[in-house]
Every structure is written in C-alpha cells, then in structure tokens.
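Values quoted throughout were computed directly from the atomic coordinates according to the rules given, and no laboratory measurement underlies them. These numbers were taken from a predicted model, which means no experiment stands behind them. Glycine also receives a Cβ, built like all others from the backbone with ideal geometry; neighbour counts cover every protein chain displayed.
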Amino acid sequence: MSAVLTSTVAGFSVAIALIVAIGAQNAFVLRQGLRREHVVPVVVTCAASDALLIVAGIAGLGTAVAGRPGLLTAIRWGGAAFLLCYAALAARRALRPGALVPTAQPPATLRATVLACLAFTWLNPHVYLDTVLLVGGIAQQHEHRWLFGVGATSASVVWFTALGVGAHRLAPLLARPAAWRVLDGVVAVVMVALAVALLLG
C-alpha cells in the first residue's frame, strides 16, 4: 500500500472510531433524522464543521491550544454546562409522553435547527478534543498529513450521512411514545455522563 493511500485510510479509520461514539452531536443528528426534518442541512453543517476543525488541527491549532491550560478549562466548563442543559431538556421530553411523538411537535425552522446544530458542534469540548487535538496530532505523524485529513473528513461525511439519512429505518420501532421516552431518557443519561466526565477530567 502506498504512503498516500496509507495516510488517507489511517485518517478515515481514526476519525470514524472517534465520531461513532455516542455523543451530543450524534444524538441531535439521529433525532433530526427520525423526524425527517432539515436532515441535509444538519448533515452538511456537521460535516463542514468537522472539516474546518480537522484542518485547523492539522495546521497546528491543536498544539497551540494544548499549551494554554486556562483556555482548555474554560472550554471544559462551558461545554459541561451546555451538555447539562440539553440533558435537562431531554429528561423533560422523556417525562412528557405527549411531546415524544415527532409528528406531534411543530416543525422547527431551518434557522433554529442549524443554530442548534452549530451549538452541538462548536460548544461541545469533545469535538475539539477529537478533531483538533487527537486527529490533528496524529496527522503530524504521517508523511502526507493533509491526505490524512482528507480521510478523516471523508469519515465525517460518511458517518453523518448514514446517521441522518438512515435514521428513518428506525421510525417503525420509535412510532410509539414509550419508545421515544426511552430514547430521550438514554440521551439525558449520556449527556449527564459526558458532562461529569468533562468536569472530572
């Protein structure tokens, strides 16, 4: 395997392993996919944001941020607060069956949906840790670091497209309010766990 292909495949493999983990961003994309609401703009926003962060990390931002512990602390606390707020909203939905069926809720505007998507991406410290620090740092070890970035960006596009477009296949399973109660309950628990991990990290 050539060095070019090796770097590209390595970038894809590293990024997909990091992105697939359950998190705030994935939970939001999944929910939009299930509601079949503004799925394409959400997928494009997530993939484009990841691409920008990956480029920034490969360009050296990760090294600069790692050298400023005060900034990392601010990002960690701000992100934990954001995740806890979303956990509270998910828990509230889980406790109110009437609000659990997607079709029973008024559709959100495109602007509101994209802003929420941007918040889940840019206010989530895990995104910076995964893309800027980890992907950016590992890329520096490859001869073709920018092709490593191409592979990582491709992984983001593939994953978010599959998650958003393929979520509708779960619709029959989640057609009942009780199923949405479980989904939102799990999301709430995951968000709290991520927030606690950030605060204790």
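Placing a label point 7 Å from the Cα of Ala74 along the Cα-to-Cβ direction, the residues of the stretch 107-139 with a backbone N closer than 17 Å are 122-126, 128-129. Segment Arg96..Leu52, full-extension length gain: 12.1 nm, with 0.36 nm per residue of separation and the alpha-carbon distance subtracted. Residue separation of Val40 and Trp122 scaled by 0.36 nm, minus their Cα-Cα distance, works out to 27.7 nm of gained length.
Extension gain, Ala193 to Ser13: 0.36 nm times the residue separation minus the Cα-Cα distance gives 62.3 nm. With a Förster radius of 22 Å applied to the C-beta separation of Val157 and Ala59, the computed FRET efficiency comes to 0.65.
Could you order peptides 117-126, 149-158, 136-145 by the average number of other Cβ atoms within 10 Å of their residues, highest first? All intermediate terms of the calculation are to be shown ahead of the outcome.
Values: 117-126: 18.9, 149-158: 22.1, 136-145: 17.3.
Descending packing order for the listed peptides: 149-158, 117-126, 136-145.
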